[in-house]
Amino acid sequence: MSFSQASENARASVSQEAAVLQVCDLRVYYDTPLGAVRAVDGVSFEVYQGEVLGLVGESGCGKTTAAMAVLRLVQPPGRIVGGQVFLNGVELTRLSEGELRRIRWRELALIPQGAMNSLNPVMKVRDQIADAIETHEGKQPARELKERILQLLATVGLPARVYNMYPHELSGGMKQRVCIAMAIALNPPLIIADEPTSALDVVVQRVVGETLLRVKEQLGVSIILIGHDMGLQAQLANRVAVMYAGHLVELAPVLAIFSAPLHPYTQLLIEAIPTIKQRKPLKLTEGLTHDLRNPPPGCIFHLRCPHAMDVCRSEKPPLREVRPGHFLACYLHA
Amino acid sequence: MRGLTLGYLVRRLGMFFLTIWLGATIIFIVPRLAPGDPVAAMVTRLQAQSGYVEGSAEMIEAWRARFGLDGPIYVQYVNYLRSVLTFNLGFSLSSFPSRVEEMIAQALPWTVGLLSVATIISFVIGNAIGALLAWRRTPAALRAILPLSFTFTSIPFFMLAILFIYVFAFGLRWFPPFGAYGRGLVKGFNWPFIKSVVEHGVLPAFSIVVASMGFWGLGMRGMMITTDGEDYMILAQAKGLRPARIFWNYGIRNAVLPQFTALALSLGGIVGGSTLVEYVFAYPGMGYLLYQGIVNNDYTLIQGIVFMLIVTTATAVFIIDLLYPFIDPRISYQKR
Ligand SMILES: Nc1ncnc2c1ncn2[C@@H]1O[C@H](COP(=O)(O)OP(=O)(O)OP(=O)(O)O)[C@@H](O)[C@H]1O
Ligand code: SF4
Ligand SMILES: [Mg+2]
């Protein structure tokens, strides 16, 4: 594995003390007629200043749900049933709608999973970016606003003509970069990027990946990077959190995750990647073995784990720091 | 990029004339499908019904002169097209020597005035109610009350109108029960006349609005629910926009698009009048005229009204085609 020098430097500058975001025991359930789907079931992690935290796991393991819960945008029938989210010390789950609105985008922006449909089809790109700016900073002088938006577009490598275009006139990669430009418009300390490169072809994936890297290095913003794209994770992430069926099973520096994963599920994930360079969505031969409405007792992974022991079937392993900075929820490597 | 091109304009205009030509041709063909002289047949039928038709001989003559009914069919057709395209719609069968275009010209302003105002009010109110019903942030109390406004839509219209006349005209005496303006007023741009016209219009307009807004409301509600689930609505929330802004600029702005097509079509159909409303309120508009044409077997009058309808509907479609790219940027003048 080789990383660019620049990103290596950026990784080193991560401050371990200053946590931008703290998520504690977050639980998000979707109410269905057949019982609650426990999409996120007791997840805790921190995001440090200036770091990129990768969040990986199979489709349906609850990555988007966790991210939307942090933004307090879980769509019904989903709801946050427990846990706390601290953004720079402010507990988001307790805020009123009005208080939350003032924090949104200014302090916490989103690059959504479905960038294809995330732009309002009847508004020009410039108006959608201006909307975000003027909502939080008040009416701006027209000239300055225009210059600022053009600057944002340039930062993500888009030509100035995009300023006056409608979303349907843009390619998928361009829309994705408009979303990135919008996310950095207010210089927020934290951005959640939900699969920013999925649904793009390989060349465009690389461009968007490089755009994110540039944003990260220029702005020093913290990013939660959700996605199966392990190549992108290797390129951008400082640390990687691995989710399985609504649980966080391992969280470690990116090198440790790739070269010495400890959790049996992470090992399976890493083995499934042909090479780091190859950007393919993760696809394991077997998917979830249990219904999220009805999780097994004990370790969430024991139905699929090749190393399962008796204790795994009865008691849930807590997430513990087994090595400095390396967190694991498994009875192995105790 | 989305500028109006000459090619587009020509194509749309072509469509416009094609529609009118086809409609006029169908009107020409239908009465000729029956064997015999259509005019003589109609007059005979009328005579059989009412015993005697005043000036029937002159009428038949006038028709022959207009159509050249003795000539070959293509000569008739060309003559017919020429007269119809110059809005020369012939004599009314039931009130000869009145000309159909004159009768229409008398009735048209009443209908257009009443129905366009009523349709637009109904469109605005109906869409607002539908959107609010679908909007998650609408206060629960409002959401509980709003559907009541749609129950009127399910009451048969004439019952509603009769109820209104009973309550507001005979009971409360707020508004006159029928007609378009008071007796003995000088028609024109003077205050007593305008006041009287407005007073006479309120009840019919109100009935139309109440009876039709459910149509707009239910359509809008469905569109708004779909729109509310779109990714851009979630991103708008993530951006911290004010709910009112999301509601208008992201929600309604998208959900209302299909409604505009329906609005254009219903505005285009206005000249057909609202027969039921105009009948119940004895309002001297196109609907009332059409009613008279039907009960009197006045085929030329009906024909004339149908032709007007074809023309205005084609015009409405033409206009919406020109305007649509402005309200929905995804539709361009290039494609289609
Ligand atoms: N509206 C809903 N009703 C019921 N269950 C839901 C709903 N939305 C999501 N879920 C369930 O919640 C779980 C987590 O979904 P989520 O979208 O967070 O997964 P994800 O990890 O983001 O997947 P992907 O990689 O495919 O985006 C899934 O198992 C899904 O079936
Ligand atoms: S706790 Fe047990 S079952 Fe779970 S991953 Fe570790 S070894 Fe496997
Ligand atoms: Mg997802």
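Readers should treat all values here as calculations from the given coordinates under stated rules, not as data from a laboratory. Remember, predicted model here, so these are calculated numbers, not experimental data. As a convention, Cβ positions derive from the backbone with ideal geometry for all residues, glycine included, and neighbour counts pool all protein chains shown.
The table below gives the values:
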item	result
Kirkwood hydrodynamic radius (C-alpha pairs) into Stokes-Einstein, region B:108-295, 4 °C and 1.567 mPa s, D in µm²/s	71 µm²/s
Sum of side-chain charges, A:Glu210 neighbourhood, beta-carbon under 12 Å (Lys, Arg +1; Asp, Glu -1)	+3
For region A:98-142 versus region A:301-320, the gap between their alpha-carbon centres in whole angstrom	44 Å
Region B:117-122 - phi-based ³J(HN,Hα) in whole Hz, Karplus 6.51/-1.76/1.60, Gly and Pro as x	4, 5, 5, 5, 4, 4
FRET efficiency estimate (nearest 0.05) - Cβ-Cβ, B:Leu322 to A:His307, R0 56 angstrom	0.20
Prolate/oblate/rounded label for chain B (Cα gyration tensor, a/c 1.5)	oblate
Across A:Lys63/A:Lys175; A:Lys146/A:Lys216; A:Lys124/A:Lys146; A:Lys124/A:Lys175; A:Lys124/A:Lys216, pairs whose alpha-carbon gap is larger than 20 Å	A:Lys63/A:Lys175; A:Lys146/A:Lys216; A:Lys124/A:Lys216
Packing-based exposure ordering (other Cβ within 10 Å, fewest first) of A:Glu195, B:Glu230	B:Glu230, A:Glu195
Cα-Cα P(r), region A:115-187, percent of pairs per 5 Å interval	3, 18, 33, 27, 14, 4, 0
Theoretical FRET efficiency, 1/(1+(r/R0)^6), r = Cβ-Cβ of B:Arg245 and B:Asn190, R0 41 Å, to 0.05	0.35
Extreme residue, positive dipole direction of the protein assembly as shown, given options A:Pro188, B:Leu309, B:Ala128 (C-beta unit charges)	A:Pro188
Vicinal HN-Hα couplings computed from phi for region B:159-168 (Karplus, 6.51 cos²θ - 1.76 cosθ + 1.60; Hz; Gly/Pro x)	5, 4, 4, 5, 4, 4, 4, 4, 6, 8
Global form of region A:203-243, assessed from the alpha-carbon gyration tensor, a/c cut-off 1.5	oblate
Span from the region B:295-336 Cα centroid across to the region B:86-118 one, whole angstrom	18 Å
Shielding by partners - mean other protein chain Cβ count within 10 Å, residues of B:246-252	2
Sequence ranges B:136-145, A:249-258, A:29-38, ranked by mean other-Cβ count within 10 angstrom, highest first	A:249-258, A:29-38, B:136-145
Contact order normalised by residue count of chain B, Cα under 8 Å, 6+ apart, percent	25 percent
Check: chain B dipole with +1 on Lys, Arg Cβ and -1 on Asp, Glu Cβ, in debye	1320 debye
Computed [θ] at 222 nm, helices only, for chain B once each DSSP H run of length n ≥ 4 contributes -39500 (n - 2.57)	-22000 deg cm²/dmol
Centre separation in Å (Cα based) which lies between region B:167-214 and region B:232-293	23 Å
Shielding score for A:121-131, defined as the mean number of other chain Cβ atoms within 10 Å	4
Relative contact order, percent, chain A [alpha-carbon distance under 8 Å, six or more residues apart]	20 percent
Highest-first arrangement of A:313-320, A:20-27, where packing means the average Cβ count within 10 Å	A:20-27, A:313-320
From phi via Karplus (6.51, -1.76, 1.60), per-residue ³J(HN,Hα) for region B:310-320 in Hz, x at Gly/Pro	4, 5, 6, 5, 4, 5, 4, 4, 4, 5, 5
Nonlocal amide H pairs with A:Tyr48, under 5 Å, H built at 1.01 Å	A:Val20
Within 10 Å of each Cβ in B:220-230, the average number of Cβ atoms from other chains	1
At R0 = 41 Å, FRET efficiency that the Cβ-Cβ distance of B:Thr151 and A:Glu137 yields, to 0.05	0.30
A:Arg94 versus B:Val78: modelled label distance in nm, points set 7 Å from Cα along the beta carbon direction	9.1 nm
